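Okay, so here's the structure we're looking at.
Each reported figure results from applying straightforward, stated rules to the coordinates on display, with no laboratory input. Bear in mind that the values here come from a model prediction, so they are computed numbers and not experimental data. For neighbour counting, all protein chains shown are included, and Cβ atoms are generated from backbone atoms with ideal geometry for every residue, glycine included.
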Amino acid sequence: MSSVVSTPEPLVFQSLDASAQPPLSAIQEEILRLKKKHNAVILAHNYQVDEIQQVADYVGDSLGLSYKAAETDADVIVFCGVHFMAETAKIVNPQKTVLLPELAAGCSLSDSCPAEKLAAYKAANPGLYVVAYINCSAAVKALCDVICTSGNAMKIVENIPADREILFVPDQNLGQWVAKQTGRKMRIWPGSCYAHVLYTVRAIESVKERFPGAPVVAHPECVEAVRDMADIVCSTEKMIGYCRENPADTFIIVTETGMINRLRRKVPGKRFVAGPTDNCGCNDCRYMKMNTIEKVRDCLLHLQPQIELPPEVIEKAYLPIKRMLDWSR
Ligand code: 13P
Ligand code: SF4
């Protein structure tokens, strides 16, 4: 009996006309009023829903958001992303109010490296130079030597003295990719992003057949077999420059589907096909999508929920973040 394998219908999005900004909704207008009242800044990750990105002062990847958080002179930071990102904003601004619209917006990658386990591993293996991908808790950052993002991981690893043995936490996929690119041997923590590992060779092959010649643009959190199919592997922000500069008119975007909101606005005259998984034409991160426009309004109305961290964690976690910001300038 022959088995017929069905693949999800691809979702295709056309760039938006940059001059055709949709009118703001009543709730978006209210957010802008509250923002002014509290001298707040809204920072939004590339994976947030479009209506949140529209009211943000800055939309970007983890690296860009870290710089913006470190530079802001606002009194209140509304961080539209996930918990570890808002924690990073608090660590670089301990005196400011940092709001996360949905406090339960976590990250599977961050969860895959609990601080107690890392502390125990370090105690059993002294002398390691610990590089932490920014997708980890403040308590894990406090145990590390330097932080990196997908946008600067290579540069950070290349800066580490050659005589130091590296432990890379918590993403095995980003870690393997960096080790391959830099030729640097590293111990790698076995964590992963539940959403990015859903991309399979079969799903990406099927979409490539439907759009022959369309470059595949993948995030390094994807598994190696999927990364090997990509024309470029990069952070979410670097995807914008790549799609702008590449003469192709259609791109297959193998990262969280919210990224396409950003690409449609920033890259004119092109088409973006959402990277499918085996079961679905799109791939939304369940944590990123916990933030809604109503929750952004509510957090500005009540100045809650706030990110709170013990001072000793802030003090210890600041150093590796500062080192990253200095090294990647
Ligand atoms: P970027 O640093 O590329 O924005 O990625 C963050 C993230 O959570 C990817 O899943
Ligand atoms: Fe974490 Fe993955 Fe969601 Fe990024 S996409 S926030 S790594 S669970």
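The base-10 log of I(q)/I(0) for the range 25-140, evaluated at q = 0.10, 0.17, 0.21 Å⁻¹, reads -0.34, -0.83, -1.15 [Debye formula, identical scatterers on Cα atoms, solvent excluded].
For the range 205-222, 3J(HN,Hα) computed residue by residue from phi via the Karplus equation (6.51, -1.76, 1.60; θ = phi - 60°) reads 4, 5, 6, 5, 5, 6, 10, x, x, 6, x, 9, 10, 10, 7, x, 6, 6 Hz, glycine and proline entered as x. Within the shell of other residues whose beta carbon sits under 13 angstrom from the beta carbon of S150, the net charge comes to -2, with Lys and Arg scored +1 and Asp and Glu -1. When the inverse distances between all different Cα atoms of the range 138-210 are averaged and flipped, the Kirkwood radius reads 13.9 angstrom. A straight chain from E205 to L32 at 0.36 nm per residue would run longer than the Cα-Cα distance by 57.9 nm.
Protection proxy ranking for 135-143, 48-56, using the average of other Cβ atoms within 10 Å per residue and placing the highest first: 135-143, 48-56. When Rg is the radius of gyration of the Cα atoms in the range 227-286 and Rh is its Kirkwood radius, what does Rg/Rh come to? Rg divided by Rh gives 0.93. In loop segments of the range 175-258 as defined by DSSP, there are no GluC sites (Glu not before Pro) with at most 11 further C-beta atoms inside 10 Å of their C-beta.
Let's test this: bin the Cα-Cα distances of the range 131-254 at 10 Å from zero up to the farthest pair and state each bin's percent. Spelled out bin by bin, the range 131-254 gives 13, 41, 31, 13, 2 percent. Measuring spread by the Cα atoms of the chain yields a radius of gyration and Dmax of 19.9, 67 Å. The gain in end-to-end length when the A20 to K117 segment is fully stretched comes to 29.9 nm, 0.36 nm per residue minus the alpha carbon separation.
Exceeding 26 Å between C-alpha atoms, which entries from my cross-link table qualify? They are K35/K141; K37/K295; K180/K289; K155/K316; K122/K316; K96/K266. Numbers along the way, then the final one.
Numbers: K35/K141 30 Å; K37/K295 17 Å; K180/K289 32 Å; K155/K316 22 Å; K122/K316 16 Å; K96/K266 31 Å.
Table pairs above 26 Å Cα-Cα are K35/K141; K180/K289; K96/K266.
Using the rule -39500 (n - 2.57) for each DSSP H run of four or more residues, divided by the residues of the chain, the 222 nm mean residue ellipticity is -11000 deg cm²/dmol. Compared with the direct C-alpha span, the chain from K185 to A124 gains 20.0 nm at full extension, assuming 0.36 nm per residue. Note that the range 42-55 has calculated 3J(HN,Hα) couplings of 10, 10, 10, 6, 4, 8, 6, 5, 4, 5, 6, 4, 5, 9 Hz, one per residue in order, obtained from phi through the Karplus relation 6.51 cos²θ - 1.76 cosθ + 1.60 (θ = phi - 60°); glycine and proline are x.
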